[in-house]
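One structure is given here, and the rest of the page talks about it.
The values are calculated or read from the model by the stated rules, or taken from the named source; none is laboratory data. Since this is a predicted model, take the numbers as computed values, not measurements. Positions of Cβ are generated from backbone atoms using ideal geometry, with glycine treated the same way; all protein chains shown enter the neighbour counts.
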Amino acid sequence: CEHAYALAQNLDPNSEGRGVLQFKTGLMSVIRQKLAKREGGAIDRSQDIAKLQEFYKLYRERHKVDELCDDEMKLRESGVFSGNLGELERKTLKRKKVLATLKVLWSVIEDITKEISPEDAANLISEEMKKVMQKDAARTEDVVAYNIIPLDSLSTTNLIVTFPEVRAAISSLQYHRDLPRLPNTISVPDARNSDMLDLLHCVFGFQKDNVSNQREHIVHLLANEQSRLGKLSGNEPKIDEGAVHVVFSKSLDNYIKWCNYLPLRPVWNNIESLTKEKKLLYVCLYYLIWGEAANVRFLPEGLCYIFHHLARELEVIMQKQTAEPAGSCISNDGVSFLDQVIYPLYEIVAAEAGNNDNGRAAHSAWRNYDDFNEFFWSEKCFQLGWPWKLSNPFFSKPSRKEQV
């Protein structure tokens, strides 16, 4: 309920919309009941469910949801909005706000019904009403945030998704038979098929928004490179091998140079023998690491070290029938690349930076980004092991100096 109240507050902070104030007041009542329950005693949820359901019906009728959605769709499909984009934008914005509010209401009703028996819930909410609320919730799929390409949501007006090179790029990332099965706990939006980034999200625990951003980023890289090679044709366009190789070579250029300098054999035995799918998998892994690296991005050789070890872990997991979490990213709260891999390195970099007396300390008195990078340019970096050996002196925080 607290989450629902926060969402409603973000949508309409001043409670200007009709019925919003009543909605917030109702939610606040439920929140107070929850607080009372913590102190002991049962709470009758039937009245809450009935009131929320009645408010849902009234809000839906007042805003004429079905008519609103139909009018917007007719305007989109007719093509006449090209000279009146303002009208389309107005209808789209109104629909999104109305459906977002209805989705919050539906999620609150769902949560409350979990606190009563299934029989009581069935008596309070009819099957017809449940179908209506589920239908409205499904209509909010296109409200999913994206930058340029709506990969996680359906779109009838964003023409970029119809470009052959974009379709080919999206198709090239899709799941294939050489990848282990995804566990049943991993869900994928209805608007797209599972892909390589879903596997990496499952194995290493990358953050959801990072995965979405990098999925779109990689599709852009592939589509742009493909457009330079020539236009694709056919109903099911395929990305060119040359486009994949260029993106792979540019993205992992620093890692290849790092391996040559140490010297160290890369995670692949022979670059010529790498399949298109394997190159894309490595590109996806590298950008997911980069996307979540925070200030560790200023340690490019540190990212090479991390990529090298994660890729080796991935090779082992690829041999299994079902994907499972990587040992280096398992935490008490699940699987988290950020907590287990990035945070320890970020913490020591931040501790050193906090000890530089605002830049006035002698260079020998603290380690800066160049010092950390220099460490990862040497074979000594492998003393850190994998997962990180936090007992290594590298991770020892400096004693805090008094600021002058």
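The set of residues from segment 182-215 being basic (Lys, Arg) and modelled with pLDDT of 95 or more comprises just one member, 215.
Would you tally the residues in segment 94-108 being more than 23 Å from the chain's Cα centre (by Cα) and surrounded by fewer than 16 Cβ atoms within 10 Å (Cβ to Cβ)?
Let us first name the residues in segment 94-108 that are more than 23 Å from the chain's Cα centre (by Cα), namely 94-95, 98, 102, 105-106, 108.
With surrounded by fewer than 16 Cβ atoms within 10 Å (Cβ to Cβ) added as a condition, the list becomes 94.
So the count comes out to 1.
Condition check ((1) in the same structural domain as residue 135 (by TED's automatic domain parsing); (2) under 23 Å from the mean Cα position of the chain (by Cα); (3) surrounded by 19 or more Cβ atoms within 10 Å (Cβ to Cβ); (4) polar (S, T, N, Q)) across all residues:
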site: 194; (1), (2), (3), (4): no, yes, no, yes
site: 201; (1), (2), (3), (4): no, yes, yes, no
site: 209; (1), (2), (3), (4): no, yes, no, no
site: 241; (1), (2), (3), (4): no, no, no, no
site: 249; (1), (2), (3), (4): no, no, no, yes
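When we screen 353, 311 for residues that are at negative phi, more than 19 Å from the chain's Cα centre (by Cα) and free of Cβ contacts under 8 Å to residues at least 24 places away in the same chain, the only hit is 353.
Please note which helices (runs of 4 or more DSSP H) are completely contained in segment 286-404 and include at least 1 residues that are acidic (Asp, Glu) and under 24 Å from residue 253 (Cα atoms). Reasoning before the result, please.
On the way: elements: 300-317, 343-353, 369-376.
So the answer is 300-317, 369-376.
Among the residues of segment 378-395, those that are more than 29 Å from the chain's Cα centre (by Cα) and surrounded by fewer than 16 Cβ atoms within 10 Å (Cβ to Cβ) comprise 378, 379, 380, 382, 383, 391, 392, 393, 395.
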